[in-house]
Amino acid sequence: MFERRHLLGLEGLSAEEITFLLDTSESFREVSEREIKKVPTLRGRTIVNLFYENSTRTRTSFEIAAKRLSADTINLSASSSSAQKGETLTDTARNLAAMRPDAIIVRHPSSGAPHLLARHVDCPIINGGDGAHEHPTQALLDLLTIRSHKGQIEGLTVAIVGDLLHSRVARSNLFGLRTMGARVRFVGPPTLVPPHFAELGAELVSDLHEGLRDADVIMMLRIQRERMNGRYFSSLDEYSRLYCLSVEAVGKARKDVIILHPGPMNRGVEISSTVADGPYSVIMDQVTNGVAVRMAALYVLVGRRRGTEAAGEDVPAEPVPLRRAVAAE
Ligand code: CP
């Protein structure tokens, strides 16, 4: 079961909670394969997408997920909100909350922004990515993709390669993968792989080929130039010579390796097109699974009895039985 009011990160979630979210996501995957991709689960509910950073996958898939659950959706970006006129994030969220939405999904460049909102509004908050902190639904869709292809997560070796320092995806994956029993290697130049990640359970490796040795899963990350305020390598050319995932580098991993990338990809920088579009790539499966994971997150957090929320209790009432929730209209 998942009895939390918000989904702010994977840090601290138990293996049972993560498994419940993955199992629920799997149940919703089938809805997107139907001709009529809609179930009545969240009819009459309102979901707000509050995005202070650009997004292709997260924002679109949350909107598609909400619509497939029959919820009404509102999209608000920093450029179209009154943040431009000096309104604080908390005031924006309080005003949105006063219109009684059933959940707010927030992406923000500052770490901790969703946690701040969770203290000031009375509806569930879902973290759609906060600074370099966490991106829980991305990690859940990564875990779902890995579990679907490998049958299990426990015992796998997962190499996460690239700009670990600025990656909320890597942090959420580290928490989720370790909790589910995987071995995690962080691979990249020492300037982008700070030593404190070892305390969180990652093995740190600076050589790409060594880091990929016998890996079951490779997850490539892009260089997040928008978050860098210093020089972490001498040139992008040099970085890609050392860390771009080529066919030769993939050969160091296990023969049945799968390759993930959360997107957006910078082809030719961290991953070659031959690999990104090649037989080991499951990158488009990740995107497809993203809709199912976000349907599950909305169902688990929003599809529960209003009475307990009005009473201010963080205790979910009996959820609609899943079979009924995903049944066709
Ligand atoms: N993976 C991810 O968060 O992609 P977007 O920035 O496009 O949402």
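Place a +1 charge on the Cβ of each Lys and Arg in the chain and a -1 charge on the Cβ of each Asp and Glu, then give the dipole magnitude about the Cα centre in debye, rounded to the nearest 20.
Using Cβ point charges on Lys, Arg, Asp and Glu, the chain gives about 660 debye.
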Worksheet item: Quick one: of the DSSP bridges fully inside the chain, what percent are antiparallel, nearest 5?
Response: 5 percent
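In the stretch 182-289, what trypsin sites (Lys or Arg not before Pro) fall in a loop by DSSP, with at most 10 other Cβ atoms inside 10 Å? It would help to have the intermediate numbers written out before the result.
Working: sites: 183, 185, 213, 222, 225, 227, 231, 241, 252, 254, 255, 267; in loops: 213, 222, 231, 252, 254, 255.
Those satisfying the criteria are 231, 255.
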Practice prompt. Give the accessible surface of the chain per residue, rounded to a whole number of Å², with probe radius 1.4 Å and ligands, DNA and RNA excluded.
Written response: 43 Å²
Practice prompt. Report the one residue of 105, 86, 12 whose Cα lies farthest in the direction of the positive end of the charge dipole of the stretch 1-108 (charges on C-beta: Lys and Arg +1, Asp and Glu -1; origin at the Cα centre).
Written response: 86
Response to the item:
Scoring only Lys, Arg, Asp and Glu (+1, +1, -1, -1) among other residues with Cβ under 14 Å from the Cβ of residue 58 yields 0
Practice prompt. Please give the length that would be gained between residue 267 and residue 206 if that part of the chain were fully extended, namely 0.36 nm times their separation in residues minus their C-alpha to C-alpha distance (nm, one decimal).
Written response: 19.8 nm
Fill in: Inter-site label distance for residue 77 and residue 11 at 7 Å from Cα along Cβ, in nm
3.0 nm
Practice prompt. Could you give the size of the charge dipole of the stretch 173-248 about its Cα centre, using +1 on the Cβ of each K and R and -1 on the Cβ of each D and E, expressed in debye and rounded to the nearest 20?
Written response: 280 debye
Discussion item. What is the sum of charges, Lys and Arg at +1 and Asp and Glu at -1, for the other residues whose Cβ falls under 12 Å from the Cβ of residue 279?
Written reply: -1
Worksheet item: So what's Rg/Rh here for the stretch 83-217, counting alpha carbon atoms and using the Kirkwood radius for Rh?
Response: 1.07
Discussion item. Just want the answer: with Cβ charges of +1 for Lys and Arg and -1 for Asp and Glu, which residue in 22, 44, 60 is farthest toward the dipole's positive end in the stretch 12-163?
Written reply: 44
Response to the item:
Within the stretch 80-160, DSSP-loop trypsin sites (Lys or Arg not before Pro) with at most 10 other C-beta atoms within 10 Å are none
Discussion item. Compute, for the stretch 83-127, the length of the dipole vector about the Cα centre, with Cβ point charges of +1 (Lys, Arg) and -1 (Asp, Glu) only. Units Debye, rounded to 20.
Written reply: 60 debye
Discussion item. Can you give me the angle between helix 136-150 and the longest principal axis of the chain, using Cα atoms only, in degrees from 0 to 90, rounded to the nearest 10?
Written reply: 60 degrees
Worksheet item: Computed over the Cα atoms of the chain, what is the ratio Rg over Rh, Rh following Kirkwood?
Response: 0.97
Worksheet entry | Around residue 184: net Lys/Arg minus Asp/Glu count, Cβ-Cβ under 10 Å | +2
Fill in: Percent accessible area from carbon and sulfur atoms, the chain, protein chains only, probe 1.4 Å
49 percent
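The values are calculated or read from the model by the stated rules, or taken from the named source; none is laboratory data. None of the values given here were measured: they were computed from a predicted structure. Reconstructed Cβ throughout: ideal geometry from the backbone, glycine too, with neighbour counts over all protein chains shown. Accessible surface areas use protein heavy atoms only, side chains included; no ligands, DNA or RNA. Shrake-Rupley method; radii C 1.70, N 1.55, O 1.52, S 1.80 Å.
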